[in-house]
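**Q** Before I ask anything, let me first share the structure, which is written out below as structure tokens.
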Amino acid sequence: MGQRVLVTGGAGYIGSHTCLELLNAGHEVVVLDNLANSSEESLRRVQELCGKSITFAQLDLLDAAGVDALFATHQLDAVMHFAGLKAVGESNDIPLHYYSNNITGTLHLLEAMKRHGVWNFIFSSSATVYGVPESVPITEEFALSATNPYGRTKLMIEEILRDVAKAEPQLRAVLLRYFNPIGAHESGRIGEDPQGLPNNLMPFVMQVAVGLRDKVAVFGDDYDTRDGTGVRDYIHVTDLALGHLAALDALPQIHGCVAYNLGTGTGYSVLEMVRAAAQASERTIPHEVVARRAGDVGEVFADASRAARDLGWRATRDLQKMCEDSWRWQSKNPSGYKTQ
Ligand code: NAD
Ligand code: UD1
């Protein structure tokens, strides 16, 4: 049966793809977003793609009264919480802003949920909560730690939810620990639209392929990996979105607060990613090896078997599909949503 879902950060990259899948599956969507890192154009295109409408509230989670009023206006069944700032480097420069936005914003949301009796919660966590993992593949039982303020906000929110779950037995909270989301909806109409210099590998690679930048800097080729470059578990954003729908369906069986890895279980190196992107785009992608990036680790990939077992979810889109869809989005929208 269709549920009414509040999607915080729904105008952003992962949120917009999840809104589309929620609407396609017959759910109703209320988006809360302050558009700090997104534009309403993503939501316009989501509605155009599925022919259904979204209720949009341009609102900041730091506005506690506004958040409360939203809960008073809409009878909500569940909350998917994507809203947050996510740039690791920036979080080192302006930690107070990250703690205030991500932590205080989440507290306001949880307070409004409690006041209005909404107890179904799905949180955008990250593989960053594993810090520097001792081995791969990573299971949910691994030790948790943080290496930067951004990662610490994710870890703190997880801890807050574990505490709330102890105090409030009605709470059903799913922590989805994403590995490396890439790709775009296969229509090429919605995708990732980084502001300024992309922090992550694939948006950068795609901007080189389309001619916006000269070459990819490969951060180190002396890791203990098959070609010396960093290995990550890249996952198609549509698979990730479908993971949220699987979590929503599984919530009635969830007790308290449970974490799930969302990854494919397969790692690819930087050079393998550059090659796959070159093939999908039929462009040459110049690249040059430079020094390691501070804070990086050699190899990270998921054991995603808990999500398969409990949520009945697994990623199905392979690397070629991820690169083809990234390229379709990038080539049709070289300047992101500013391309009309
Ligand atoms: P994004 O920046 O595209 O989306 C986040 C959205 O939240 C944006 O639309 C932004 O405007 C909004 N937002 C931020 N602060 C807000 C506030 N105070 N009030 C209201 N809206 C606010 O990022 P994304 O890549 O879609 O990531 C979504 C979530 O997933 C984030 O919490 C992020 O930390 C997490 N995550 C992302 C990745 C990744 O690689 N993209 C990996 C792991 C986890
Ligand atoms: C980064 C963040 C992590 C966050 C994740 C998803 C750091 C240290 N970690 O992880 O906290 O959860 O993004 O948002 O920033 N690479 C290059 N050249 C580039 C960019 C990246 O060689 O221009 C390499 C990296 O060294 C890494 C791989 O590509 O081996 C992937 O990098 P990236 O996309 O930034 O993701 P993570 O490092 O996994």
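**Q** Please work out, to two decimal places, the log10 of the ratio I(q)/I(0) at q = 0.10, 0.19, 0.23 Å⁻¹ from a Debye calculation in which every Cα of the stretch 153-232 carries one identical scatterer.
**A** Results for the stretch 153-232 at q = 0.10, 0.19, 0.23 Å⁻¹ read -0.47, -0.96, -1.12.
**Q** Right, next: Can you compute the equivalent ellipsoid semi-axes for the stretch 204-280, i.e. the square root of 5 times each eigenvalue of the Cα gyration tensor, sorted largest first and rounded to whole Å?
**A** 33, 17, 10
**Q** Normalised by the empirical 2.2 N^0.38 Å for globular proteins, what value does the Cα Rg of the stretch 144-281 take?
**A** For the stretch 144-281, the normalised Cα radius of gyration is 1.26.
**Q** What angle do you read, to the nearest 10 degrees and between 0 and 90, between the alpha-carbon axis of helix 13-24 and the longest principal axis of the chain?
**A** 60 degrees
**Q** Taking every pair of Cα atoms in the stretch 25-92, average 1/r, invert it to obtain the Kirkwood radius, and report Rg/Rh to two decimals.
**A** Ratio of gyration radius to Kirkwood radius: 1.00.
**Q** Separation between the residue 147 and residue 68 pseudo-spin-labels, each 7 Å from Cα along Cα→Cβ, expressed in nm?
**A** 4.1 nm
**Q** What does the charge count around residue 309 come to, taking other residues whose C-beta lies under 12 Å from its C-beta (Lys +1, Arg +1, Asp -1, Glu -1)?
**A** Charge balance in the 12 Å sphere: -1.
**Q** Rank these for me by crowding, 50, 257, going from fewest to most other beta carbons within 10 Å.
**A** Ascending number of Cβ neighbours within 10 Å: 50, 257.
**Q** Under a crude label model (7 Å from the Cα following the beta-carbon direction), how far is residue 255 from residue 308 in nanometres?
**A** Here the answer is 2.6 nm between the modelled labels.
**Q** Which cross-chain or sequence-distant (5 or more) residues have an amide H under 5 Å from the amide H of residue 259, H modelled 1.01 Å from N in plane?
**A** 175
**Q** Using Cα atoms only, what is the angle between the long axis of helix 270-281 and the major principal axis of the chain, expressed in degrees (0 to 90) to the nearest 10?
**A** 90 degrees
**Q** Determine the shape class of the stretch 8-124: with a ≥ b ≥ c the square roots of the Cα gyration tensor eigenvalues, call it rounded for a/c under 1.5, and otherwise prolate if a/b is greater than b/c, oblate otherwise.
**A** Note, shape of the stretch 8-124 comes out oblate.
**Q** Once the chain is represented by equal point scatterers at the alpha-carbon sites, with solvent omitted, what log10 I(q)/I(0) does the Debye formula produce at q = 0.07, 0.11, 0.13, 0.14 Å⁻¹?
**A** Ignoring solvent entirely, the Cα scatterers give -0.27, -0.69, -0.99, -1.16.
**Q** Please grab the % of Cα pairs in the stretch 219-340 that end up more than 27 Å from each other.
**A** 33 percent
Read the figures in this text as sums done on the coordinates, not as results from a lab. Source: prediction; values computed, not measured. Cβ atoms come from the backbone with ideal geometry, glycine included; neighbour counts cover every protein chain shown.
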